[in-house]
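Here the structure comes first, spelled out in structure tokens, and everything after it is commentary.
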Amino acid sequence: MTRIALFAAAAVAFAAPAAAHDLWLSPGPGSVMVQYGHPHEPEMPVASKLTSLIAYQPARTVGLTATTGTEPVPVLRAALDGDALVAAAYDNGYWVRLTDGSYRNASKRMVPEGEKSQWSVKYAKAAIGPTAPWDRVVGQPLEIVPLEAPASAKGSIRVRVLFDGRPLSGADVVATDGATFKSEADQARAATDAAGEATVPLRVAGPQVLRVSHRITPSQTPTLADADTYSATFAFTVADPKTN
């Protein structure tokens, strides 16, 4: 995605209910599923907000098209043939918090009486299959890049977080299984160092979803929002039961 350079630093977090939601990818039979919301409370992603869905395969790069799935859980599904690192981008739009504590999916130009406002964008990647190029940097503005083979991780995984292609220090990387609710105290997490690197604990084997977020103020569109908020996920599966 083409972006204007950002000229600001992070500030105190402001998260509308929809802005606090995540986007993550899950493998399915011959497909990849696009999921949105919280792991234990998934919501239907809006297809028109999914601005890109790309499969990076060992020998080629393929653009995917997602449609509404038939599963009991709300997902968008895209056909996927073979192993791939799949990457998605989702523009969640502008959000304004009103004085009564509610939120509206609009810019502050349209709702000037709002207390705070932000633009929310979400990125997701998933390593699907043993030959997926899991270490590829795809150029998402906020991106989690594993520094070791995800499927072989035992107890923890080393990752690097990039923002605008540069290491992001002080970012909190959280690990979940993409399905179970965990309180803040129960979440496995680690903060990135000056090189943007962190070793994130993995408490159980099976599906894993790493998450990171970042906030920039002022917004690159200051007439429409006070801040820009980014979130990114990286999904993979650990088969080895030797986890923490």
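The values are calculated or read from the model by the stated rules, or taken from the named source; none is laboratory data. Computed from a predicted model, the values in this text were never measured in an experiment. Ideal geometry is used to build each Cβ from the backbone, glycine not excepted, and the neighbour counts take in all protein chains shown.
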Give the residue, chosen from Ala66, Ala89, that is touching a residue at least 60 places away in the same chain (Cβ under 8 Å) and not β-branched (Val, Ile, Thr).
Ala89
Taking the stretch 160-205 as the region of interest, how many residues are modelled with pLDDT under 80 and in a loop (DSSP other than H, G, I, E, B)?
9
Restricting the stretch 147-159 to residues that are surrounded by fewer than 20 Cβ atoms within 10 Å (Cβ to Cβ) and in a strand (DSSP E or B), which is modelled with the lowest pLDDT?
Ser156
Within the stretch 49-77, how many residues turn out to be buried (at least 18 other Cβ atoms within 10 Å of the Cβ), among the hydrophobic types (A, V, I, L, M, F, W, C) and touching a Gly at 6+ places or on another chain (Cβ under 9 Å)?
4
Filter the stretch 95-107 for residues that are surrounded by fewer than 23 Cβ atoms within 10 Å (Cβ to Cβ) and in contact (Cβ under 8 Å) with a residue 60 or more places away in the chain; which is nearest to Leu50 (Cα to Cα)?
Asn105
Turns out the strands (runs of 3 or more DSSP E) fully within the stretch 19-128 with at least 3 residues that are at negative phi and not hydroxyl-bearing (Ser, Thr, Tyr) are 22-28, 31-38, 41-43, 50-56, 76-79, 84-97, 116-128
Please enumerate the residues belonging to the stretch 32-48 that are surrounded by fewer than 19 Cβ atoms within 10 Å (Cβ to Cβ) and either under 14 Å from Val86 (Cβ atoms) or out of contact with any Pro (no Cβ under 9 Å at 6 or more places or on another chain) (or both).
His38, Pro39, His40, Glu41, Val46, Ala47, Ser48
Would you confirm whether any residue within the stretch 127-141 is over 17 Å from Gln57 (Cα atoms), hydrophobic (A, V, I, L, M, F, W, C) and buried (at least 16 other Cβ atoms within 10 Å of the Cβ)?
no
Do we have Gly101 as touching a strand residue (DSSP E or B) at 6+ places or on another chain (Cβ under 9 Å) and of a type outside the set (Val, Ile, Thr) here?
no
Scope the stretch 78-89; condition buried (at least 20 other Cβ atoms within 10 Å of the Cβ) and in contact with a Pro (Cβ under 7 Å, 6 or more places away or on another chain); matching residues:
Leu85
